[in-house]
1. Output the number of residues of the range 393-410 satisfying the condition of being assigned to a loop (DSSP other than H, G, I, E, B) and touching a Leu at 6+ places or on another chain (Cβ under 9 Å).
2. Does the range 343-362 contain at least one residue that is open to solvent by 50 Å² or more (accessible area, probe 1.4 Å) and of a type in the set (S, T, N, Q)?
3. Consider ASP332 carefully, then state whether it is assigned to a helix (DSSP H, G or I) and open to solvent by 80 Å² or more (accessible area, probe 1.4 Å).
4. Could you give me the residue pairs with C-beta distances under 6 Å whose first residue belongs to the range 195-211 and is open to solvent by 100 Å² or more (accessible area, probe 1.4 Å), whose second residue is acidic (Asp, Glu) and outside any loop (DSSP other than H, G, I, E, B) wherever it lies, and which are 6+ apart or on separate chains?
5. For the range 306-329: of the residues being in a helix (DSSP H, G or I) and open to solvent by less than 20 Å² (accessible area, probe 1.4 Å), which is modelled with the lowest pLDDT?
6. So, in the range 129-188, of the ones that are hydroxyl-bearing (Ser, Thr, Tyr) and in a strand (DSSP E or B), which residue ends up modelled with the lowest pLDDT?
7. Filter the range 249-265 down to the residues that are among the hydrophobic types (A, V, I, L, M, F, W, C) and surrounded by 19 or more Cβ atoms within 10 Å (Cβ to Cβ) and list them by number.
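The values are calculated or read from the model by the stated rules, or taken from the named source; none is laboratory data. Bear in mind the structure is a predicted one, so any value in this text is a computation, not a measurement. Please note: Cβ atoms are built from the backbone with ideal geometry, for glycine as well, and neighbour counts cover all protein chains shown. The accessibility values were calculated without ligands, DNA or RNA, using every heavy atom of the protein model including side chains. Shrake-Rupley method; radii C 1.70, N 1.55, O 1.52, S 1.80 Å.
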Amino acid sequence: MHATHLLLEEPIRMASILEPSKTSFFPAMTKIVGTLGPKSRSVEVISGCLKAGMSVARFDFSWEDIEFHQETLENLKVAVKSTKKLCAVMLDTVGPELQVINRSENSISLEANGVVVLTPDQEKDASSQLLPINFSGLAKAVKKGDTIFIGQYLFTGSETTSVWLEVDEVKGEDVVCVIKNSATLAGSLFTLHVSQIRIELPTLTDKDKEIISTWGVRNNIDFLSLSFTRHAEDVRHAREFLSKLGDLHQTQIFAKIENIEGLTHFDEILQEADGIILSRGNLGIDLPPEKVFLFQKAAVYKCNMAGKPAVVTRVVDSMTDNLRPTRAEATDVANAVLDGSDAILLGAETLRGLYPVETISIVGKICSEAEKVFNQDLYFKKTVKYVGEPMTHLESIASSAVRAAIKVKASVIIVFTSSGRAARLIAKYRPTMPVLSVVIPRLKTNQLKWSFTGAFEARQSLIVRGLFPMLADPRHPAESTSATNESVLKVALDHGKVSGVVKSHDRVVVCQKVGDASVVKIIELED
């Protein structure tokens, strides 16, 4: 008798842990950003990634050229059409990334306690004794005892594809280093990271600008991932550059925090950026290992309170070569969700990993399980307290919509929006049910032609936790009467029924504008 009572007192029933995971139309509320590359660029694999739950495709320009990425993107467009699943496009800049150039592409073996020289002379061939790099200022930036990591992806210094060096002496422009672990470097490029040292290179390089103004403009990118963001000024500079490139003034800038400098100026960067990517790979080198979790929790909390998406990287590295994550990785994904992350970004796991579709699927399942035990009540109270009083009109409507949906146990919140702001504010309060954001296109003209806006806003909500966009028919403009709003609502409800989130007798909370007023209403569905 006593044992039964105890079981009921537990926050999670042990029996529920053994129940199989249920599949649904929305695999998880947390979004998944997948990096497309050599192992994930065919129409077939991209279609699998979309079905498994990828909602943003990242194109990493540290790898390959514009033609390669354009081919991949054309395949993505075909996959989006065939799967009928929206997908946003993220361009990831190279930024001030230091690289070792290995033109021969022969693998290079480095032995512990040996010596290797880093030289800016790129005409020389890479070998076990000499590594040419793409930066002439390294000798001026480092001193004896500094730590340098080199590798294709993982700079832990403990595994075989990356090496940990200690600066021994500087000779002219060359840097002589002692090798701290044995490793074999394979491929044409390896990233070089100097721990806690400022590299005097622009955040948006000339190469980045060329890629954005050609590939980015041609493909109307939704997000720019600004690598190695160190100051708020970096974001302002990037925004100024984008504003001169046609439709790219609508592109959202996600600041990628990957070193101590970006961490130091985090608050100012957050104010300027549209979202934050916590690049734990590089950060894990600049920070002592025991501090990484603290930064993650603090940064995600700040993003949540500001209502800006937080994206966490480097969660299931082992799935690059394996079909299952380690227990620690699975726990790490869940903890990122419980911390409040909007999205999980997969890099090597989908770019060159052997199981891109399976990785997205498993990460989605872990996110979904974590969402079930996410303490929404505590989160809601914290957010309301942080916002304070008096609330703005929109903030008040958004929080009321979420509170009402939870009280009446609504199966979905439907919000009509044209800029996407109202939908993002509702998602900021982390409702336990999906938010269907019905983006109503606006008609605009430059006096030469008419065009509709709305597609950008719809795709940009694909990185926000719990937000699922659908584009309304442009024949129902945003400033329309309540009669056309009713017909758009019917389309949204039908979409909800098809996707399995809405069924007969369910309650639905609707947030919409009627004239100048914003209205939250609760409707109960009939048979």
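1. To start, the set of residues in the range 393-410 that are assigned to a loop (DSSP other than H, G, I, E, B) comprises 408-410.
This time we only want the ones that are touching a Leu at 6+ places or on another chain (Cβ under 9 Å), so: none.
So the answer is 0.
2. Going through the range 343-362, the residues open to solvent by 50 Å² or more (accessible area, probe 1.4 Å) turn out to be 352, 354-355, 358.
Restricting the remaining residues to those that are of a type in the set (S, T, N, Q) gives none.
Within the range 343-362, not a single residue is open to solvent by 50 Å² or more (accessible area, probe 1.4 Å) and of a type in the set (S, T, N, Q).
3. no
4. GLN196/ASP286
5. Going through the range 306-329, the residues in a helix (DSSP H, G or I) turn out to be 306, 317-320, 327-329.
Now narrow it down to the ones that are open to solvent by less than 20 Å² (accessible area, probe 1.4 Å): 319-320.
Numbers: MET319: 93, THR320: 90.
Out of the qualifying residues, it is THR320.
6. First, the residues of the range 129-188 that are hydroxyl-bearing (Ser, Thr, Tyr): 136, 147, 153, 156, 158, 160-162, 182, 184, 188.
Those left that are additionally in a strand (DSSP E or B): 147, 162, 184.
Working: THR147: 90, SER162: 83, THR184: 88.
Ranking the candidates gives SER162 first.
7. Of all residues in the range 249-265, those among the hydrophobic types (A, V, I, L, M, F, W, C) come to 253-255, 257, 260, 263.
Scanning the range 249-265 gives ILE253, PHE254, ALA255, ILE257, LEU263.
Conditions (1) more than 30 Å from LYS31 (Cβ to Cβ); (2) open to solvent by less than 70 Å² (accessible area, probe 1.4 Å); (3) among the small types (Gly, Ala, Ser); (4) out of contact with any Asp or Glu (no Cβ under 9 Å at 6 or more places or on another chain), marked per residue:
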residue: VAL100; (1), (2), (3), (4): yes, yes, no, yes
residue: ALA112; (1), (2), (3), (4): yes, yes, yes, yes
residue: VAL117; (1), (2), (3), (4): yes, yes, no, no
residue: LYS143; (1), (2), (3), (4): yes, no, no, yes
